[in-house]
Amino acid sequence: KMAAAAGAVAAAAGLWSEVNRCGQNGDFARALKSVNKILQINKDDVTALQCKVVCLIQNGNFKEALSVINTHTKVLTSDVIAFEKAYCEYRLNRIESALKTIQSASQQTDKLKELYGQVLYRLERYDDCLAAYRDLIRNSQDEYEEERKTNLSAVVAAQSTWEKVVPEDLGLREATYELCYNSGCALIGQGKLNEAMKKLQKAEELCRQSLSEDSDVTEEDIEAELAIIHGQMAYIMQLQGRTEDALQLYNQIIKLKPTDVGLLAVIANNIITINKDQNVFDSKKKVKLTSAEGVEHKLSKKQLQAIEFNKALLAMYTNQADQCRKLSASLQSQSPEHLLPVLIQAAQLCREKQHAKAVGLLQDFADQHPANAAEIKLTMAQLKIAQGSVTKACMILRSIEELQHKPGMVSALVTMYSHEEDIDSAIEVFTQAIQWYQQYQASQTRGANPKSPVHLSLIREAANFKLKHGRKKEAISDLEELWKQNPKDVHTLAQLISAYSLVDPEKAKVLSKHLPSSDTMSLKVDVDALENSHGATYVRKKAGKLTGDNQQKEQGQGEVKKKKKKKKGKLPKNYDPKVTPDPERWLPMRERSYYRGRKKGKKKDQVGKGTQGSTTTGSSELDASRTASSPPTSPRPGSGAAVSATSNVIPPRHQKPAGAPATKKKQQQKKKKGAKGGW
């Protein structure tokens, strides 16, 4: 027995040295075989079990590694194997379980703290994650400091993008393209798109410099690494309205076929948003990329939610009503307070011409979620306007108490009531808004009565509206308030006097005394300079020098106007003074006593009425036997030269209609002569 035990120990020692050698060489597959042989000798060897878990993790077999840990819980306690267990759970996307494992560990090692930061980031607990990385950077000094700073900047970018938190300046030196990229993403979250584009361009430059130093890296590898930077650049272009440029860059990235399914899903989603209800065939192809395996573990909750919203909208645009309802209902169950699912459902109902049902759906949501009622009611009002129920739309808008006093809402309501010719309701809208501002100003200024610019603007609009619709008596109080605030406003004073002139003429006379005098209102204008200006339509001619008799005439007959010379009328060319002109020459030719009408031309009877190519000449004229015996006839007036009997006859399809041009010319000459009238 002692010999057998000694042999087993020697064999184990040899296996351990094999495990050590393979581990140093990175050959974890061979190391695992040796570890399994050791466990055959002693199945509860803690060190061997730990080595087996590490080998499985290095080989990417996280499920098997976790199974080994869970099978030997008595030997592999949480103090011994906490990091490995939490890491396996993290890689298997069991993030909540990984968090519990880390928190249950008795000792928080540096490795666990690093993993804790990653877990918090995946759980989108950005504030806790920021604190964890700050603590790590403060208390760690090793070669991984640059990676920790990169992770810290990623947390800041996520806060800026998803939580709209203005990031603080962490003083990170942007020496790597990863840090520049994260800084650009943070600027996008703040809406500083031009600055963000510059940061991303710098990140691209640094990335090319960094990767080009490695001779083994090809241009394709560099483009693949730059894909995520180019994706953010395209997103900025899309936000700036440069959709064609953005679409071109998105498609270039897709052609590279990047391995990052999260990047592909985001780009495909953005292309779908550009396409909207156009190019739906391309959108249906792109939507498959958003459903690839593992996408849900690569994107944030808000990104995944946006993709699901766009899937529902695409189903609506492609007339997949059932699919649209199914997706929007699923989204509503996940986020009951979110507006988009119910708006998509309402839009689908409107496409099906069920407007009343859509309004009812929106009303139910507004009753259940009063915090979001304002936006829902705006949509309801829009639907009512589309149906032609403007009055009902006004009632819905006036039920939104938090928007009643807003200038935009007041303007919309007044316009709609004016369209319906309900002037009283429009004036009531003005009155309620003005009263709201009066109460608000009083509460803010402790009884003082200064008017804000918005308040004064509303009063002026109300006064102008009342004056426009003949309600001068009602406009008086508004005009008096405006004049009280600015006594130097002549325009308001003039309006007030005009209003009082119909109600209280005496009051109008009293107020008219406050108008400025005509002397103060006269404008100092240089008339000569104005007339000689470039834009003047009339320029006075400069007077010439007057001397001698002309000067005396100018002085004596200054008031006498010069008589215009009459121009002699032009006589016609054929005018004969010996012949008495025709007394009816001023009458149109048709109305003259001697008019007998136009002579009917002989050519009218010869107009061809047969098929194309038929000749207008009679059959007797084309008979060669008759023309040979008969003497040649003289040519008809206006026709071409006569064809002799011995000449070749031109085929009908090549023959031109004889006399057409001459007849047309003759008729034009007659028409011209008749129109002239003659003497």
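The values are calculated or read from the model by the stated rules, or taken from the named source; none is laboratory data. Source: prediction; values computed, not measured. Every residue, glycine among them, receives a Cβ derived from its backbone with ideal geometry; neighbour counts consider all protein chains shown. All accessible areas refer to the heavy atoms of the entire protein, side chains included, with ligands and DNA or RNA removed. Shrake-Rupley method; radii C 1.70, N 1.55, O 1.52, S 1.80 Å.
If you check LEU378, LEU362 for being of a type outside the set (Val, Ile, Thr), free of Cβ contacts under 8 Å to residues at least 60 places away in the same chain and open to solvent by less than 50 Å² (accessible area, probe 1.4 Å), only one passes: LEU362. For region 459-518, taking the residues that are without any contact (Cβ under 8 Å) to a residue 40 or more places away in the chain and of a type in the set (Phe, Trp, Tyr), the one that is surrounded by the most Cβ atoms within 10 Å (Cβ to Cβ) is identified as TYR500. Restricting GLU461, GLU481 to those that are more than 38 Å from the chain's Cα centre (by Cα) and part of a helix (DSSP H, G or I) reduces the list to GLU481. Going through (1) in contact (Cβ under 8 Å) with a residue 12 or more places away in the chain; (2) within 25 Å of GLU481 (Cβ to Cβ) one by one, MET416 falls short only on (2).
Give region 69-93 a look and list any residue that's of a type in the set (Gly, Ala, Ser) and open to solvent by less than 40 Å² (accessible area, probe 1.4 Å), or say none.
As a first pass, look at region 69-93 and keep what is of a type in the set (Gly, Ala, Ser): 78, 82, 86.
Scanning region 69-93 gives ALA82, ALA86.
Being closer than 23 Å to ASN310 by Cα, of a type outside the set (Phe, Trp, Tyr) and open to solvent by less than 30 Å² (accessible area, probe 1.4 Å) is a property that ALA203 lacks.
The single residue among LEU66, LEU15 that is buried (at least 16 other Cβ atoms within 10 Å of the Cβ) and either over 58 Å from the mean Cα position of the chain (by Cα) or at pLDDT below 85 (or both) turns out to be LEU15.
Listed by first and then second residue, the pairs with beta-carbon distance under 9 Å, at least 6 apart or on different chains, first residue in region 130-157 and over 19 Å from TYR181 (Cα atoms), second in a loop (DSSP other than H, G, I, E, B), are ARG134/LEU170.
Are any residues in region 135-154 part of a loop (DSSP other than H, G, I, E, B) and either β-branched (Val, Ile, Thr) or open to solvent by less than 40 Å² (accessible area, probe 1.4 Å) (or both), and if so, which ones? Reasoning before the result, please.
Just the residues of region 135-154 that are part of a loop (DSSP other than H, G, I, E, B), to begin with: 140-144.
Residue satisfying the conditions is SER140 alone.
Out of all the residues in region 155-184, which are charged (D, E, K, R) and surrounded by fewer than 12 Cβ atoms within 10 Å (Cβ to Cβ)? Let's see the steps before the verdict.
Residues of region 155-184 charged (D, E, K, R): 163-164, 168-169, 173-174, 178.
Selection gives LYS164, GLU168, ASP169, ARG173.
A single member of GLN334, GLN354, GLN348 is open to solvent by 50 Å² or more (accessible area, probe 1.4 Å) and either among the aromatic types (Phe, Trp, Tyr) or under 30 Å from LYS285 (Cα atoms) (or both), and it is GLN334. Could you check region 392-420 and list, in sequence order, the residues that are in contact with a Ser or Thr (Cβ under 9 Å, 6 or more places away or on another chain), open to solvent by 20 Å² or more (accessible area, probe 1.4 Å) and within 22 Å of PRO453 (Cβ to Cβ)? Matches in region 392-420: PRO407 only.
Condition check: of a type in the set (Val, Ile, Thr), under 23 Å from ALA373 (Cα atoms) and touching a residue at least 40 places away in the same chain (Cβ under 8 Å). Does VAL390 satisfy that? Show your work before the answer.
Values: of a type in the set (Val, Ile, Thr): yes; under 23 Å from ALA373 (Cα atoms): yes; touching a residue at least 40 places away in the same chain (Cβ under 8 Å): no.
Spelling it out, it is not the case that VAL390 is of a type in the set (Val, Ile, Thr), under 23 Å from ALA373 (Cα atoms) and touching a residue at least 40 places away in the same chain (Cβ under 8 Å).
If you check LYS326 against the conditions, is it without any contact (Cβ under 8 Å) to a residue 24 or more places away in the chain, out of contact with any Asp or Glu (no Cβ under 7 Å at 6 or more places or on another chain) and either part of a helix (DSSP H, G or I) or open to solvent by less than 30 Å² (accessible area, probe 1.4 Å) (or both)? First the steps, then the outcome.
Details: without any contact (Cβ under 8 Å) to a residue 24 or more places away in the chain: yes; out of contact with any Asp or Glu (no Cβ under 7 Å at 6 or more places or on another chain): yes; either part of a helix (DSSP H, G or I) or open to solvent by less than 30 Å² (accessible area, probe 1.4 Å) (or both): yes.
When the stated conditions are applied, LYS326 passes them.
Every listed requirement among (1) modelled with pLDDT under 90; (2) open to solvent by less than 50 Å² (accessible area, probe 1.4 Å); (3) not polar (S, T, N, Q) is met by VAL295 save one, (1).
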